[in-house]
Amino acid sequence: MSNGELPAKGVSRITGLVIINALIFQEVLAGYDSRVKNIQSLGRDIEKSGKSLASSFADHWDFILEEIDYYPIFHVAAELLTHLSAVGVVDQSLRQLADRAQTVVGRKAALRHDLMGRIFHRMLLEAKYLGTYYTSIPAATMLLRTALRPDNWSVDWSSLDAIKDFKVADLACGTGTLLMAAAEGIGDNAIKRFPLGSITLSDFYKKVHRLLVEDVIYGYDVLPTALHLTAATLAMRAPEIAFDKMNMYVLPLGGKYNRLGSLDFLASHQMSFDDMFGASTEVISGKGKRQTPNATLPMLDLIAINPPFTRSVGGNLLFGSVPEARRGAMQKRLKELVAGKGIEANITAGLGSVFVALAHRHLNGGGRIALVLPKALLNGVAWGPTRSIFQKGYVVEYIFSSHDPERWNFSESTDLSEVMVIARKLKFKETDSKSKTVYVNFYRNPTNIIEALSVSHQLRQVTPGDLSENQGAFRITLGSDVIAEVVSVPWEFLRTSGSFMWGTAFAQSDLTRVLLGLTSGKLRLPGQVKNVRFPVTNLESLGRLGPDRRDIHDGFKVSNAATSFACVWGRDAKTTCNLKMEPNAYLVPLAKAQTGRNLRKVEDLWPLASDVLIAERLRLTTQSLLAVRTSEPVLSNMWWTFALEKPSIRRSKALVMWLNSSLGLLSMLGCRLETEGAWVAFKKPVLAALPVLDVRELDGGQIKALANGFDQVQDVDLLPFPEMATDPTRETIDEIVATALGLPDLGAIRKSISREPIICLKRL
């Protein structure tokens, strides 16, 4: 659907959702205001008058709008009803919606704040173009309850004036799940510090709720329907209160002037829309919706956001919901805005990177940002500028990561691996070298709000030990079940390392602890007293990684006919099972550049051919190898070539043996770019920094032992990674490596890796 329009079925479903949302709110409101008729009472009036359901409900909603308010909830619904055809099928459908609304209200549990949001996002068929991924209630609850821990803020939560001055926003709020979680968190903080005797608890709660809606919470989105649902869910917390204003802004996307939604705030904290035929913005308030030339983004104390994930590669889906003819101009304007304003973001990572940069610019010192983002944020190359924002001016306080093979994510409408991050912005001239980043690594991702509240409560009760110093980890439990391990890593280490992956590389903290030791050439197995040292260096110090697949496609085309340029093309899990590999195709140099690309010269590419290949991307559940050696130099589209600075057959064999040992596998998995659980990639700059065995520092006997070991196992098939614990060939590789380097038995490490969820797709 390149035109960016929803099909008729999608429009009809969302129309029905808006109407049933209004019906539900009407039924709830009738319990507080006698002027509002419940559905059953209105139905009796309809039978007497003979009017259609559509006109009767529309008339009553107009009465509510004129005499009471609740514009955000009833205006759009009434407008939709007046445009429906007066045919029998419409009345029949409305009657079914009314019956369903009564059922929902009758089941109080179904009134939880995200009901309409859940339905809306399931109906939104264009999610992959909009990049709109709905945050689950448990995830939103954990994220915001943790971010709003009252003792972490210098805010008097018992003071109505202090609460009024506290500003919270979601710059891509969708149906408001994160904003609702923030409202619940602030309300809970206030209730716990309720000033006894000065006011009744009921009146205090109402005043807090009014402040939250009128002064504290700001929501921005490009979807009008989503914003109206956000307004409804906020109002549902106290339906008896009519509000004077709500800071909910529907921002334009596309149009004549290539509007960018919330990202237009990169140019200014206030957007003006005063052109007659261009885009305009709406502000939704308790007294109605009005067209306004201005939309304002204030300085904020807390920004909670699950921004669009659409990326500028793989189909170029940035702003994919707008017509294709307009999309290019919007992308160009965004690039110019990012470059012209010096925005620290990489558009290749997607809109999420730009949203974080925008949030950073509007966050007060001492404030916090709470994010739901792809796990690639932690070590992805394209996310480097975003990490740099945190490294230069923040303390990353929490990183939540799911190692649950049934739910790698914290959003409902994606299978991407995600993390949740809470970071505190340093105040002017503030430094912090003593804080620690807490990692919450879930074995089982919480599925309901009760579990989420339990996680948040337990996190408050503990200061987890430093991963590099202490054994074990704090365990979060639900009953007798362990659902997460919690560890900490010094923020200064993360800030200077360039990667935030260290504390969540594995679900099992013992493996992560071993990984950290390997970076400095120390091996200390769980339960052992002493470290065993061996020579370690970064991969790039040993040689040079070859070209990526795009470069190869820009210089060659593949052929089965023999040429001077051998290659390994593709990767078949059934045939790629042993350490020795033969070329399976040939490359033919291109005579001219492909459309839209630059021609790469053969003399620039072929010198990067090599006999050592390292995995570029793979699915860990089906593959068996991370590195192979070929009988002659090759290029590849699925492997990185790696050429030793000082070519040596023995050293090449030794390096391939190391990379396929349990310790090599541990190191490589620690730098994986995790896209979707077991589907991982290894990016060139990250691989360059990979800690590997320094084969230059080995003596002749060690090199000979590893090279002979390679010859011993090179033609023997290895089993897929999930079977590594019982794979005799992999056991032999570990024994050869351990003996050559004077290391202890690696069997325990091998078995632990085989239990990792990304390997076996089983919960711990």
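Read-outs throughout are calculated quantities, based only on the coordinates presented, and are distinct from any laboratory measurement. Just so it is clear, the model here is predicted, and its values are computed rather than measured. Reconstructed Cβ throughout: ideal geometry from the backbone, glycine too, with neighbour counts over all protein chains shown.
Exposed loop sites, defined as GluC sites (Glu not before Pro) outside DSSP H, G, I, E and B with at most 14 other Cβ atoms within 10 Å, are absent from the longest region of the chain, namely 6-239. At q = 0.06, 0.09 Å⁻¹, what is the log10 ratio I(q)/I(0) for the chain, with the Debye formula run over Cα points and no solvent? Evaluating at q = 0.06, 0.09 Å⁻¹ gives log10 I(q)/I(0) of -0.43, -0.90.
Could you list VAL356, VAL634, VAL28 so that the one with the fewest beta carbons within 10 Å of its beta carbon is first and the one with the most is last?
Numbers: VAL356 29, VAL634 26, VAL28 19.
Listed from fewest to most nearby Cβ atoms, that is VAL28, VAL634, VAL356.
For THR576, the shell of other residues with beta-carbons less than 14 Å away shows a net charge of +1, using +1 for Lys and Arg and -1 for Asp and Glu.
Temperature 4 °C, viscosity 1.567 mPa s: under these conditions the Stokes-Einstein estimate for the stretch 476-633, based on its Kirkwood radius over C-alpha pairs, is 65 µm² per second. Its relative contact order, with pairs defined as Cα atoms under 8 Å and 6+ residues apart, puts the chain at 10 percent.
Please identify which residues in the stretch 403-434 have an amide N closer than 13 Å to a label point set 7 Å out from the Cα of ASP481, following the Cα→Cβ vector. What the label zone holds, given the 13 Å backbone N cut-off, is 404-407.
A convex hull fitted to the Cα coordinates of the stretch 330-433 yields 114 cubic angstrom per residue. Going by neighbour counts of Cβ atoms within 10 Å, the residues ILE483, ILE186 line up, fewest first, as ILE483, ILE186. Straight Cα distances below 20 angstrom link LYS530 to the lysines LYS522, with same-chain residues fewer than 8 positions distant left out. By the rule of a C-alpha distance below 21 Å, with chain neighbours fewer than 8 residues away ignored, the lysines paired with LYS48 are LYS37. With 19 Å as the limit, the listed pairs LYS167/LYS335; LYS557/LYS601; LYS341/LYS429; LYS167/LYS245; LYS167/LYS436; LYS646/LYS704 have LYS167/LYS335; LYS341/LYS429; LYS167/LYS436 beyond it between alpha carbons. Taking every DSSP bridge with both residues inside the stretch 131-498, close to 65 percent are antiparallel.
Overall shape of the stretch 131-498 was characterised from the C-alpha gyration tensor. The equivalent ellipsoid obtained from it has semi-axes of 31, 27, 19 Å, in decreasing order. For q = 0.16, 0.24, 0.26 Å⁻¹, what log10 I(q)/I(0) does the stretch 154-223 give under the Debye formula with an equal point scatterer on each alpha carbon and no solvent? For the stretch 154-223, the Cα-only Debye profile gives -0.53, -1.03, -1.16. Taking Cβ atoms as reference points and 12 Å as the exclusive limit, the residues near ARG597 contribute a net charge of +1, counting Lys and Arg as +1 and Asp and Glu as -1. Compared with the rule-of-thumb size 2.2 N^0.38 Å for a compact globular protein, the stretch 652-749 has a Cα radius of gyration ratio of 1.10. Rg and Dmax, both from the Cα atoms of the stretch 136-279 and both in Å, are 16.8, 58.
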